[in-house]
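Single-structure report; data block below.
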Amino acid sequence: QVQLVESGGGLVQPGGSLRLSCAASGSISSINVMGWYRQAPGKQRELVATITRRGWKNYAESVKGRFTISRDNAKNTVYLQMNNLKPEDTAVYYCNAPHSTGDYWGQGTQVAVSS
């Protein structure tokens, strides 16, 4: 079993910054790729960014140059630094970890970008 707990969401003005974190626990030794997804009201859940255990990254086109995903393997934590936030970034953000026992998700953290 794997448990994922997100934190760091909140309300921020356009152009502002926010850092999300996802702490993993349980049977985590086999996890390689971790990712952030988001789901806006009335829309499908979409991939934001992924990172491997050794630091290989990829991003959705809409967040390139603004968001940075990173990992602290010693702390079993993945981060999403979000800069220059836009209203269209408003969504519930979820941490994801594919695992041999299944596809694990956190509970989500709300990000709202509004003036």
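Could you please find all residues in the range 45-77 being outside any strand (DSSP E or B), at pLDDT 95 or above and β-branched (Val, Ile, Thr)?
63, the sole residue that qualifies.
Of the residues in the range 1-31, how many are in a strand (DSSP E or B) and either closer than 18 Å to residue 68 by Cβ or open to solvent by less than 50 Å² (accessible area, probe 1.4 Å) (or both)? Please lay out each step first, then the result.
Step one: filter the range 1-31 for residues in a strand (DSSP E or B), giving 2-7, 10-12, 18-26.
Restricting the remaining residues to those that are either closer than 18 Å to residue 68 by Cβ or open to solvent by less than 50 Å² (accessible area, probe 1.4 Å) (or both) gives 2, 4, 6-7, 10, 12, 18-24.
Counting residues in the range 1-31 that are in a strand (DSSP E or B) and either closer than 18 Å to residue 68 by Cβ or open to solvent by less than 50 Å² (accessible area, probe 1.4 Å) (or both) gives 13.
Of (1) under 11 Å from the mean Cα position of the chain (by Cα); (2) touching a residue at least 24 places away in the same chain (Cβ under 8 Å), residue 2 satisfies all except one. Which?
(1)
Just name the residue that is surrounded by the fewest Cβ atoms within 10 Å (Cβ to Cβ) out of those in the range 95-115 that are closer than 14 Å to residue 10 by Cα and not small (Gly, Ala, Ser). Explain how you work it out, then say what you get.
Just the residues of the range 95-115 that are closer than 14 Å to residue 10 by Cα, to begin with: 108-115.
Filter once more, keeping what is not small (Gly, Ala, Ser): 109-111, 113.
Values: 109: 22, 110: 12, 111: 22, 113: 19.
This residue is 110.
Considering only the range 62-111, state which residues are in contact (Cβ under 8 Å) with a residue 40 or more places away in the chain, touching a strand residue (DSSP E or B) at 6+ places or on another chain (Cβ under 6 Å) and among the hydroxyl-bearing types (Ser, Thr, Tyr).
Passing the criteria: 77, 79, 90, 93, 94, 104, 109.
Taking the condition of being of a type outside the set (Lys, Arg) and closer than 23 Å to residue 102 by Cβ, how many residues in the range 6-55 meet it? If you could, list the steps in order and put the result at the bottom.
Step one: list which residues in the range 6-55 are of a type outside the set (Lys, Arg), which gives 6-18, 20-37, 39-42, 44, 46-52, 55.
With closer than 23 Å to residue 102 by Cβ added as a condition, the list becomes 6-7, 20-37, 39, 44, 46-52.
Of the residues in the range 6-55, 29 are of a type outside the set (Lys, Arg) and closer than 23 Å to residue 102 by Cβ.
If you scan the range 68-93, which residues turn out to be aromatic (Phe, Trp, Tyr) and surrounded by fewer than 21 Cβ atoms within 10 Å (Cβ to Cβ)?
Initially, the range 68-93 is screened for residues aromatic (Phe, Trp, Tyr), giving 79, 93.
Within the range 68-93, just 79 meets the criteria.
The values are calculated or read from the model by the stated rules, or taken from the named source; none is laboratory data. Keep in mind the model is a prediction, meaning the values are calculated, not measured. Using ideal geometry, Cβ is built from the backbone for each residue, glycine included, and neighbour counts are taken over all protein chains shown. Accessible surface is based on the protein model in full, side chains and every heavy atom, while ligands, DNA and RNA are left aside. Shrake-Rupley method; radii C 1.70, N 1.55, O 1.52, S 1.80 Å.
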